Structure formats: structure tokens, C-alpha cells
Amino acid sequence: MKRIISLGLAALTLLLGGCATVIRSDVTAFNEWPADLPNKSYVFEHTAAQSNDLEYRNYENLVGAELQRLGFIPAGNTSPQLKVALLYDIAAHDVRVVEPVVADPMWPGPYGPYGWGRPGLYSPFYDPFWYAPQVIGQREYNYQLFQRRLNIAITRAGNGQKLYDVTVSSQGKMNSLPAVMPYMIRSAFTDFPGKSGVPHQVELKVEDQK
């Protein structure tokens with residue numbers, strides 16, 4: 001018996017260990033990216049309110065890290081060739097799910113321990129091959145889903161020509177935008193610049209925070 005219990009616990013541990021949280025994002029990017037762009041210096045374009053927003057500045061840093069990975073360089077004190085802007089929001093909506101529930105036919109009902117309307121074990125009418133019909137009920141779930149959106153645009157600093165415009169949408173039960181945003185920003189630059197106007201889905205495993 002102990003061996004069976006140990007095997008069962010080991011199987012449960014493997015099952016739980018294999019269940020990883022995934023951030024799934026729908027990504028659509030439009031681009032007119034030039035074949036040759038030797039100068040990739042950039043600066044963030046933001047409002048005064050955004051520049052004084054600590055959450056926004058954190059997201060700017062995350063975008064900056066992705067841009068540098070792709071070979072972009074912060075302009076610093078020089079004139080930038082590109083401007084980068086980002087917008088984001090999160091909205092909640094209620095979800096109601098009603099699903100059928102099938103009761104166990106062996107559940108102890110009012111007519112004996114073997115089911116609704118079925119005679120008990122010691123009844124003269126007991127039939128071991130007869131099963132009572134299953135009881136159908138309903139179970140209702142109510143929860144909230146959160147729609148997270150991110151938009152990043154890259155334009156030429158000189159004439160404002162838009163070169164890259166990507167929108168990332170992600171839906172889930174997690175209501176913390178700071179927890180989800182790093183994965184949405186990474187999704188925005190997956191396969192950069194990619195095929196213009198072709199929607200695709202990006203799945204990223206949530207890393208353990210230690």
C-alpha cells in the first residue's frame with residue numbers, strides 16, 4: 001500500500017511540475033522597414049506625464065533592452081534617426097460559464113446507498129445489474145478576464161515616417177500588467193520586423209521569480 005501511495009505522489013509531482021504558466025499574445029505588425037538602415041540611433045518620444053510615470057519608464061527600459069538586442073543604439077547627446085513611442089492599457093470584463101454536471105450514479109440517494117431510485121443492497125428488489133439514471137445538473141462559474149494591449153511604433157525622426165507599428169493583445173486571468181508586460185514586449189519584437197500585416201501568436205513561458 002505504501003508503495004502505491006508513493007508512486008501516486010510521484011506521478012502527481014511530475015504532473016504538477018509539467019504545468020507551466022504561459023503568456024499567449026496575439027501580435028500584428030505593419031512595417032515598411034528599409035533593407036538597409038545603417039544608423040539605428042533612437043530616442044523615446046513621450047509626454048511629460050509619461051516621463052514622470054515610474055511604471056511607464058520601466059516599460060521603456062524593457063523596450064530599450066529589446067531594441068539593443070536587435071542592434072539599435074540610444075542616441076544619447078547625438079541627433080536620433082528614429083523615434084520610439086509606446087502605449088498600453090488593461091481592461092476587465094466579467095465571464096459567466098454554465099456547464100452540465102453529471103452526478104455519480106453510485107451516489108447514495110434517498111432510496112438506498114447505490115443511486116437515486118435504486119433499492120438498497122438488502123432490499124428484496126435489489127438487482128446488482130441495474131443502475132439508476134444519472135442526475136444532470138448545472139454548475140456556474142463567474143470570473144474576470146483581463147484584456148491587455150500594447151502598441152509600439154518606430155518612426156523616422158526627420159519626417160515622422162512610420163517604419164514599424166506593432167500591436168500586442170493578451171487575455172488572461174492575471175490582472176497585474178507589470179507581471180505580463182515583459183512577455184508582451186518580447187512578443188512585440190519576435191521575428192522583427194516580420195511579414196507586414198500578418199497576425200501571429202506568440203507563447204512565452206513565465207519564468208520563476210526567485
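Overview of results
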| read-out | value |
| --- | --- |
| Complete set of residues in region 51-99 that are free of Cβ contacts under 8 Å to residues at least 12 places away in the same chain, of a type in the set (A, V, I, L, M, F, W, C) and either part of a strand (DSSP E or B) or within 16 Å of I154 (Cβ to Cβ) (or both) | A65 |
| Close pairs (9 angstrom Cβ cut-off, 6 or more residues apart or separate chains): open to solvent by 10 Å² or more (accessible area, probe 1.4 Å) in region 156-170, among the aromatic types (F, W, Y) anywhere | A157/Y42; K162/F30; D165/F30; T167/F30 |
| Test: residue in region 97-111 that is closer than 30 Å to T167 by Cα, loosely packed, with under 13 Cβ neighbours inside 10 Å, at pLDDT 95 or above and in contact with a Phe, Trp or Tyr (Cβ under 8 Å, 6 or more places away or on another chain) | no |
| Evaluation of T47 against (1) of a type in the set (S, T, Y); (2) more than 15 Å from A188 (Cβ to Cβ); (3) buried (at least 16 other Cβ atoms within 10 Å of the Cβ) (one fails), failing number | (3) |
| Qualifying positions in region 22-36 - part of a loop (DSSP other than H, G, I, E, B) and either open to solvent by 80 Å² or more (accessible area, probe 1.4 Å) or closer than 15 Å to I152 by Cβ (or both) | E32, W33, A35, D36 |
| Scope region 171-210; condition of a type in the set (V, I, T), farther than 15 Å from R148 by Cβ and either touching a Leu at 6+ places or on another chain (Cβ under 7 Å) or open to solvent by less than 40 Å² (accessible area, probe 1.4 Å) (or both); matching residues | none |
| Contacts under 6 angstrom Cβ, first residue in region 177-194 being more than 26 Å from A92 (Cβ to Cβ), partner of a type in the set (D, E) and crowded, with 16+ Cβ neighbours inside 10 Å, 6 or more apart | F189/E66 |
| Filtered residues of region 1-51 (kept if at pLDDT 50 or above, farther than 21 Å from K205 by Cβ and either among the polar types (S, T, N, Q) or touching a Cys at 6+ places or on another chain (Cβ under 9 Å) (or both)) | T28, N31, N39, S41, T47, Q50, S51 |
| R186 part of a helix (DSSP H, G or I), in contact with an Asp or Glu (Cβ under 8 Å, 6 or more places away or on another chain) and at pLDDT 95 or above | yes |
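The values are calculated or read from the model by the stated rules, or taken from the named source; none is laboratory data. Fair warning: this is a prediction, and the values are worked out from it, not measured in the lab. No Cβ is skipped: glycine too gets one built from the backbone with ideal geometry, and neighbour counts run over all protein chains shown. Just the protein is used for accessible areas: all its heavy atoms, side chains included, with ligands, DNA and RNA removed. Shrake-Rupley method; radii C 1.70, N 1.55, O 1.52, S 1.80 Å.
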